[in-house]
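Read the structure below first, then the notes.
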Amino acid sequence: MDTDLAPSPPTTPLPGGGPRPTASAAGRSAALAPDDAATRPAEKMTARDLRAWFGASEALRGITLPVLERRVTAIIGPSGCGKSTFVRCLNRMHEVVPGARVSGSVLLDGQEIYAPGVNPVRLRRRVGMVFQKPNPFPTMSIRDNVLAGLRLGGERVADPAGLAERALRQAALWDEVKDVLDRSGSGLSGGQQQRLCIARALALEPEVLLMDEPCSALDPTATARIEELIHELRERYTIVIVTHNMQQAARVADYTAFFHLGELVEYDRTDVLFTRPSRRRTEDYITGRFG
Amino acid sequence: MSLPISRTRDLAIRRAESAPQRAFAAIGLVALVLPLLLLLFLFGSSLVDAWPRLDWSFLTSFPSRKPESAGILPALVGTTCLMGLTAVIAIPVGLGAALYLEEYARPSRLTALIELNIGTLAGVPSILYGLLGLEVFARVLGMGRSLLAGACTLALLLLPMVIMASREALRTVPPSLREASYALGADKWRTLRGVVLPMCLPGVLTGVILSLARAIGETAPLITIGALTYVAFLPDSVHSEFTALPIQIFNWVSRPQAGFHVNAAAGIIVLVALMLLLNGVAIWLRARLQRRIYW
Ligand SMILES: Nc1ncnc2c1ncn2[C@@H]1O[C@H](COP(=O)(O)OP(=O)(O)OP(=O)(O)O)[C@@H](O)[C@H]1O
Ligand SMILES: [Mg+2]
């Protein structure tokens, strides 16, 4: 078995430079037609009895959860329930925190990412991440920010301009920044910065994209753009999105997981979870009785 | 306009002040102004003394037995070379030590001890560094009274300050940016080189320059390692013997003839000007580099 987690063969190439039509309302509902037993895709990632600690305090208490291929999985739950910790365990960012520890198992395409031989650096190229707070690199221009992943990885970029353009188009930011590519990314608005960070993650063509509350600091317009973007990305990427906004989860996610106090309370198809939750705690949370 | 507002507020506060408060403020003011006046007086009197000697030929002449024709060129060149060489030695070593302590070292007794020592070393009298330099660089390593030995000694003197300034600068880089870099699949070294170092460079450089500006006047360590007091040539390599401004000044001050005292005053003015220049460069560099970092 390849313990070094070599990337699986690329699936579809990045779409060409042309402007992409935004998902129409009709296209959107079609894309979100719920899976049935026959159309349910394979598990891209699987967490099994995943536990995570910060020092002595246990933030995740045994999570078992699938992340289905080319679907959007939303994670909801009250503040402090371990949503961020969970997604950070999926690309081994949790262990970057001093004193943090993980046990249990996470599979990516059936391979254990916590196996001894696995290089977390290579893993993170396949499982990209967008943080809650936009964090463009302040010493780099917009273009260099997009290319940062490749450059920091020590790769020579054959066609930097083309790659930057494709990633920025995918992140629906190209039209706004195409004339100021040499300016700093920090001069952009919060929503633009967040899309820049998404473009930066997409430029690496990861297989899975983890988004930790990508819209929490954004206005409704920017939020709508990012949701649109998720709809488009869903065709080619597996997406996990953490959100506090249940309408957002209902709008963008195929599957939703509800976390509470470090435990997974319920996981189901989004439409099922929001209309016929099977657990009392889930129902209380989505109807606003706590959290 | 904001002036009238602040002035009325000022008045309001002053009215509310009690007598002891006002007395304390007055004492504070005196304590601030007195040393400044003293400094100004010293500088002013040196300037008055030095004025007749301060001309181009003073800067471009070699020392001489006759005070009127003695110049400061070898000392000026010596100091400049010494400072440049010191920076070249102190920056990589200091930054490397700071990187190790901040980024790689695990907290342990040993690192705690090292940190304590760095703090203490910053306060050690410079003549001790001179003695160390004499033994280690000049004698054991066989550098003799060379520019290189002087620069190594001064670099040693600066290291604690450079390390502390660099660590401070490293700590100002927000963790979110490191995380962003790790999440893009960069390893630690590439994160440091590509993200962290560019951000803390202004802090490191200003720290280095400011400590250089302090070291420029150091006399004791240079005398200890045997810098010459009378030099009629310019250094041609790092192995040359050399002199430096403070040593030249010291030499002139200790001569009996009044003419040399004028030269010493002029040398002091040159030294102060060089120091101010270095400080200015530090400010300029910081502003310039910071403009490349956009928040
Ligand atoms: N760096 C840290 N050090 C110590 N404890 C932490 C740290 N980060 C998170 N925790 C703890 O771990 C638990 C889970 O935190 P986590 O950030 O995963 O919550 P969350 O669900 O993402 O919350 P939010 O919705 O507020 O972002 C919390 O109880 C929190 O106090
Ligand atoms: Mg969170």
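Laboratory data are not the source of any read-out in this text; all were calculated from the coordinates shown. Quick caveat, the model's predicted, so the values are computed rather than measured. Using ideal geometry, Cβ is built from the backbone for each residue, glycine included, and neighbour counts are taken over all protein chains shown.
When the helices of the protein assembly as shown are scored as -39500 (n - 2.57) per DSSP H run of n ≥ 4 and the total is divided over every residue, the value at 222 nm lands at -16000 deg cm²/dmol. Peptide B:195-207 has a mean of 1 when you count, residue by residue, the C-beta atoms of other protein chains within 10 Å of its C-beta. Counting only Cβ charges, +1 for Lys and Arg and -1 for Asp and Glu, the dipole size of chain B around its Cα centre is about 740 debye. In summary, the lysines within cross-link reach of A:LYS44, defined as a Cα separation below 21 angstrom excluding same-chain residues under 8 places away, comprise A:LYS83. Note the angle between two axes, namely the Cα long axis of helix A:142-152 and the longest principal axis of the Cα atoms of chain A, as a number of degrees from 0 to 90, rounded to the nearest 10. For A:142-152 against chain A, the angle is about 70 degrees.
With the charge dipole of the range B:57-294 set up from +1 on Lys and Arg Cβ and -1 on Asp and Glu Cβ about the Cα centre, the Cα lying farthest toward the positive end among the listed residues B:PHE242, B:PRO107, B:GLY71 is that of B:PRO107.
Farthest toward the positive end of the dipole of the range B:57-294, out of B:ALA155, B:THR219, B:LEU134, is the Cα of B:ALA155, where the dipole comes from beta carbon charges about the Cα centre. Across the options B:VAL196, B:THR206, B:LEU228, the greatest Cα extent toward the positive end of the charge dipole of the range B:57-294 (unit charges at beta carbon of Lys, Arg, Asp, Glu) belongs to B:VAL196. Of all lysines in the structure, the ones whose alpha carbon falls short of 23 Å from that of B:LYS188, not counting any fewer than 8 places away in one chain, are A:LYS133. Taking the number of Cβ atoms within 10 Å of each Cβ as an exposure proxy, the fewest-first ranking of B:MET161, B:MET275 is B:MET275, B:MET161.
Among rounded, prolate and oblate, which fits chain B when a ≥ b ≥ c are the square roots of the eigenvalues of its C-alpha gyration tensor, a/c under 1.5 means rounded, and a/b larger than b/c means prolate?
On the way: a/c = 2.03, a/b = 1.13, b/c = 1.80.
It comes out oblate by the Cα gyration axes.
When a/c is below 1.5 the answer is rounded, else prolate if a/b is larger than b/c, else oblate, so apply that to the protein assembly as shown with a ≥ b ≥ c taken from the square roots of the Cα gyration tensor eigenvalues. Taking the square roots of the gyration eigenvalues as a ≥ b ≥ c, the protein assembly as shown is prolate. Remark: the protein assembly as shown carries a charge dipole of roughly 820 debye about the Cα centre, counting +1 on each Lys and Arg Cβ and -1 on each Asp and Glu Cβ. Counting only alpha carbon atoms, the long axis of helix A:160-170 and the longest principal axis of chain A meet at about 40°.
Most exposed first by the Cβ proxy, i.e. fewest other Cβ within 10 Å, how do A:THR46, A:THR270 rank? Don't skip to the answer; put the middle values down first.
Details: A:THR46 18, A:THR270 24.
Ranked by crowding around the Cβ, least crowded first: A:THR46, A:THR270.
To the nearest 0.05, how large is the calculated FRET efficiency for B:LEU37 and B:GLU135 if R₀ is 30 Å and r is the Cβ-Cβ distance? Working shown, then result.
Working: r = 43 Å, r/R0 = 1.42.
With R0 = 30 Å, the Cβ-Cβ based efficiency is 0.10.
Each part gets one Cα centre, and for the range A:240-264 versus the range B:100-154 those centres are 56 Å apart.
The ranking of B:VAL48, B:VAL93, B:VAL231, A:VAL127 by Cβ neighbour count inside 10 Å, starting from the fewest, reads B:VAL48, B:VAL93, B:VAL231, A:VAL127.
What is the magnitude of the charge dipole of the range A:36-86 about its Cα centre, with +1 placed on the Cβ of each Lys and Arg, -1 on the Cβ of each Asp and Glu, and no other charges, expressed in debye to the nearest 20?
Working: 8 positive and 5 negative charges, 15 e Å.
For this selection, approximately 80 debye.
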